[in-house]
Amino acid sequence: MQDFGKENWQRQEPIVLLFDLSIYGHHPAYIQHLIEYWEQQNLSGQLVIVVSPQFMQVHGDVVQFAQGLNSQTIQFYPIHQAEEQALKPRNSALNRNWRNVQEWSLFCRYAKQLKATQGIILYLDTYLLALALGQRSPIPFSGIYFRPTFHYPSFSHYTAFRKDKLQFWREKLILSRVLQQKQFQYLFSLDPFAVQVTKQIFATQKAVALADPIRIKREVKIPAQQLKAKLQIDSKRTVFLLFGALNGRKGIYPLLESLQLLPPETCQKITLILSGQANPQEQNRIENYIQQLKVANPVQIIENYQFLPEEEIFSYFNLADIVLAPYQRHVGMSGILLWAAVAQKPVLSSDYGLMGELVERYQLGITVDSTSPQAIAQGIEQCLQNKPIGDRQKMQTFAEANSAEQFAKTIFQTTMQT
């Protein structure tokens with residue numbers, strides 16, 4: 001392992017440790033955004049990135065991008081294979097909690113070995129309980145908190161569940177203990193409403209609102225008419241897009257059930273594009289459902305269960321008339337809202353939690369109770385009424401507030417000023 005410590009300590013330059021052992025989802029994009037900003041701004045010191053060995057294989061493009069910069073200040077450090085193999089599987093609550101403690105120990109170990117002066121944990125939720133129970137960091141550190149819910153009662157569509165009260169109490173207790181830690185510096189959150197409430201409840205300035213990063217300038221690789229022809233979409237139909245992992249969490253089954261509730265003359269106006277990966281069992285279930293649906297329903301459904309290269313994703317959002325986000329009681333933010341906002345396309349979204357609140361406050365589209373097929377069907381009919389949906393100017397404002405540059409700028413300027 002390369003030792004940055006002695007040389008940089010003598011020059012009093014920072015060694016910033018990015019720590020993220022997750023592989024899929026937003027994680028590789030976040031790391032690349034931070035690398036790009038570090039290099040573009042020519043920040044002083046060293047940026048060391050500790051990841052899983054699998055990350056180096058699955059996201060070789062991100063690693064190659066960093067290497068292609070020929071920078072002497074950016075370096076990936078995969079943990080050892082033996083360290084990864086020793087981590088408990090996440091197949092039970094007990095194992096998950098034990099694994100979280102193991103991962104925290106790895107953060108502390110690499111912080112010491114690399115002589116880091118500052119730590120940034122890109123998924124802090126995993127370690128909150130361990131920190132609340134007394135785990136300590138050898139260096140000052142900050143992290144991104146993805147899934148706060150204790151402030152949800154302040155949202156307009158909040159419906160109380162008995163178990164929520166205990167969850168909210170637990171979150172606030174854990175957060176209060178973490179915020180009191182001497183080495184803990186900043187709690188970043190993609191939820192600006194959570195930041196406001198955190199500052200009020202805990203009388204702290206450690207909570208910082210963070211952009212959920214997206215690249216604002218997007219090129220349409222495949223023009224809409226060309227993509228329509230490729231997918232054989234009837235030009236008279238309204239195109240609804242469900243993008244991302246196709247599973248129950250995304251609300252695909254209430255969505256498909258809602259189509260059965262629509263009259264045939266309405267279904268004739270609809271093309272539904274399902275674009276995203278699904279595991280074999282899920283895909284088989286979806287395909288069987290669609291096959292039965294099509295027997296007596298004239299809706300056009302286009303299924304694409306393949307991974308879509310990032311350069312093609314925007315073409316699908318550009319093609320869509322309505323972007324679907326019928327998540328099932330989803331906690332936190334979703335990049336779907338951002339892709340839609342950049343493409344200036346309205347969403348038909350769940351009204352639950354942060355997503356519902358953002359859609360309504362920024363007028364990004366329509367919100368419905370996404371657990372109800374009847375409510376989704378009514379939302380679809382509303383989308384077909386040829387009336388303007390959402391506010392395009394506010395969509396642009398929402399997208400610009402979440403630029404990739406703003407995301408990285410907030411993290412580095414906040415943590416490196418101390």
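Scanning the range 143-150 for any residue that is farther than 30 Å from Ser44 by Cα and of a type in the set (Ser, Thr, Tyr) turns up at least one such residue. Can we say Ala245 is in the same structural domain as Asn318 (by TED's automatic domain parsing) and either buried (at least 18 other Cβ atoms within 10 Å of the Cβ) or closer than 23 Å to Ser372 by Cα (or both)? Answer is yes for this residue.
Of the residues contained in the range 152-160, none is found to be closer than 30 Å to Glu360 by Cβ, hydroxyl-bearing (Ser, Thr, Tyr) and modelled with pLDDT of 95 or more.
Of all residues in the range 223-266, those that are outside any helix (DSSP H, G or I) and among the β-branched types (Val, Ile, Thr) total 3. Within the range 42-54, residues that are under 16 Å from Ala408 (Cβ atoms) have Cβ atoms under 8 Å from residues that are polar (S, T, N, Q) and part of a helix (DSSP H, G or I) in these pairs: Gly45/Asn8, counting only partners at least 6 apart in sequence or on another chain.
If you go through the range 63-81 and keep only what is in contact with a Phe, Trp or Tyr (Cβ under 8 Å, 6 or more places away or on another chain) and assigned to a helix (DSSP H, G or I), you end up with Val63, Ala66. Filtered by the rule that a residue be small (Gly, Ala, Ser), within 23 Å of Glu171 (Cβ to Cβ) and surrounded by fewer than 24 Cβ atoms within 10 Å (Cβ to Cβ), the range 319-352 gives Gly332, Ser334. What number of residues in the range 141-188 are of a type in the set (Gly, Ala, Ser) and in a loop (DSSP other than H, G, I, E, B)? Adding up the residues that qualify gives 2. Starting from the range 83-97, take each residue that is outside any loop (DSSP other than H, G, I, E, B) and list its partners that are loosely packed, with under 10 Cβ neighbours inside 10 Å, counting only C-beta distances under 6 angstrom and pairs at least six apart or across chains. Correct list of pairs: Asn95/Pro89.
For Tyr110, the conditions (1) in contact with a Phe, Trp or Tyr (Cβ under 6 Å, 6 or more places away or on another chain); (2) of a type outside the set (D, E, K, R); (3) assigned to a helix (DSSP H, G or I) all hold with the exception of (1). Taken together, Thr198, Thr238 contain a single residue that is among the polar types (S, T, N, Q), assigned by TED's automatic domain parsing to the domain that holds Ala341 and touching a residue at least 40 places away in the same chain (Cβ under 8 Å), which is Thr238.
The values are calculated or read from the model by the stated rules, or taken from the named source; none is laboratory data. Keep in mind that what you see is a predicted model, and the values were worked out from it rather than measured. Please note: Cβ atoms are built from the backbone with ideal geometry, for glycine as well, and neighbour counts cover all protein chains shown.
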